[in-house]
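Below is one structure, written out as structure tokens, with a few remarks after it.
No lab work stands behind these numbers, since they all come straight from the coordinates. Fair warning: this is a prediction, and the values are worked out from it, not measured in the lab. When we count neighbours, we look across all protein chains shown, and the Cβ atoms used for this are built from the backbone with ideal geometry, even at glycine.
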């Protein structure tokens, strides 16, 4: 592209061309989860066990008030860290522990009626703030606490039957009508069951009343036919289990055998083969009571439990994905100030001027020869991006960048280097501009031949680019060395890692759950000192008499 302002000047705009940045940073869980130190939820005390669920981008925790008050309370966290002041759900009298689940943009909460009546009740909230009046679910005689889960847009509720000690369940239809109560095989319970949907199946996990302390599970795909129960090996528990799906795995959490007060968890990636259980260690995890609650929330697996029976306090911990978050940027479009690049460049007051000029004195009116020379000018170009997002602030990040510019022939610069935790990066290159300037003077005078290069000086250039988000977990080798694995995390976790690191998508254009990536439009600002304009000079500047 050329601009002609004088017949002796040839101006060429050097486009920034296509740019590609591949930003690889380490974010926060090992294949074995790393749990944060437990924190007490302020100003909250409870009876029995809590319930957890993510709803409308927030994490909800529900519980019965302390001292078997029968009052139903809940608190909300915006980010999985800080918790709001608890609120009471009015006109509710309950016993045991509640259960939470989300169906079609509604948050459902089920519980046993007051005084261990065995009655089964539920309430619904459309916004997580206002709750509908509670309704009783049929003529039910239950023990302990119910469990809710959603499979194929149908809400299931399982419970411990009071008289038979059998494992029963029902489903809700049309948002308000509960179906017939059915028995799952001839299973006999000693504690309340737990439900969750995983890999297009509904799982129920429970403690059997014949072999106390052992953990069993059964599954169904259609909500009718249930598989023969199977034992989860090496799992010994007190109380009831809790279930959640996280990082494409099914997790179960429980209190250790003999009311040990210790927290354990195990996981399976295929729903059948369970990894050996792990104890969750920490200074505040040795004195739990009753049963835990478990829920996935963004890139976190969240767990809540009651403290020692004497204080009834509610505790909370979480595990994050430790892995590699990749943010690949391409298809850059730079926005130049003042209505466009050309207008900006024509105002040369904003540009650095670098010249390589030769002056010639011609004393003959009929020289009759061409005068030419090769002129060069080298400039130091720099590119820097002060990332607004804190991608992986725990460790340094590897940044690979390539910028392509055009002079006469295509030139490029690329670099691979490490940046510190603040994630700001910059690169530089020495770039040589070379031209041949010539003319055939026909009159005496002083002439100039040479090259003038204009540079953008530390100009902040807004841009938009196509961003692709992917993530893989990490494992730790010897001496805490971090190694990448081939297994990809799901798209939701990649997005959550990005968001929790401060990244922001202006628009999501594609979400591929099968290949586990998200694409969208991302904005940023780059600072650059960059050669953008060259002039080949061949002109008469002064006559000679």
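Take 180-189, 202-211 and order them by the average number of nearby Cβ atoms within 10 Å per residue, most first; the result is 202-211, 180-189. The share of C-alpha pairs in the range 218-307 whose separation exceeds 17 Å stands at 52 percent. The ranking of 498, 198 from fewest to most other beta carbons within 10 Å of each one's beta carbon is 198, 498. Direction-averaged projected area, Cα convex hull, the range 168-277: 7.4 nm², rounded to one decimal. Label sites at residue 504 and residue 174, each approximated as a point 7 angstrom past Cα along Cα to Cβ, lie 4.5 nm apart.
For the listed peptides 511-522, 159-170, a ranking on the average number of other beta carbons within 10 Å per residue, highest first, reads 159-170, 511-522. On the basis of the beta-carbon distance and an R0 of 51 Å, residue 370 and residue 525 show a calculated FRET efficiency of 0.60. Measuring from centroid to centroid over Cα atoms, what is the spacing of the range 238-253 and the range 75-129 in Å? Taking the Cα centre of the range 75-129 as reference, the centre of the range 238-253 is 20 Å away.
Each pair of Cα atoms in the range 39-320 enters the Kirkwood radius, and Stokes-Einstein at 4 °C and 1.567 mPa s then converts it into a translational diffusion coefficient of 70 µm²/s.
Note on residue 513/residue 357: beta-carbon distance plugged into 1/(1 + (r/R0)^6) with R0 of 51 Å gives a FRET efficiency of 0.25.
Separation of the range 149-213 and the range 353-375, taken as the distance between their Cα centroids, equals 93 angstrom.
Ranking of 325, 469 by neighbouring Cβ atoms within 10 Å, starting from the fewest: 469, 325. Short-range pairs are left out: with C-alpha atoms under 8 Å and at least six residues apart, the relative contact order of the range 39-320 is 14 percent.
Sorted fewest first by neighbouring Cβ atoms within 10 angstrom, 301, 52 come out as 52, 301. Gain on full extension, evaluated as 0.36 nm per residue between residue 211 and residue 446 minus their Cα-Cα distance, stands at 74.0 nm. Spin-label pair residue 188-residue 378: with each label point 7 Å from Cα along the Cα-Cβ axis, the two points sit 8.9 nm from one another. Stretched out straight at 0.36 nm per residue, the stretch from residue 165 to residue 39 would grow longer than its current Cα-Cα span by 41.8 nm.
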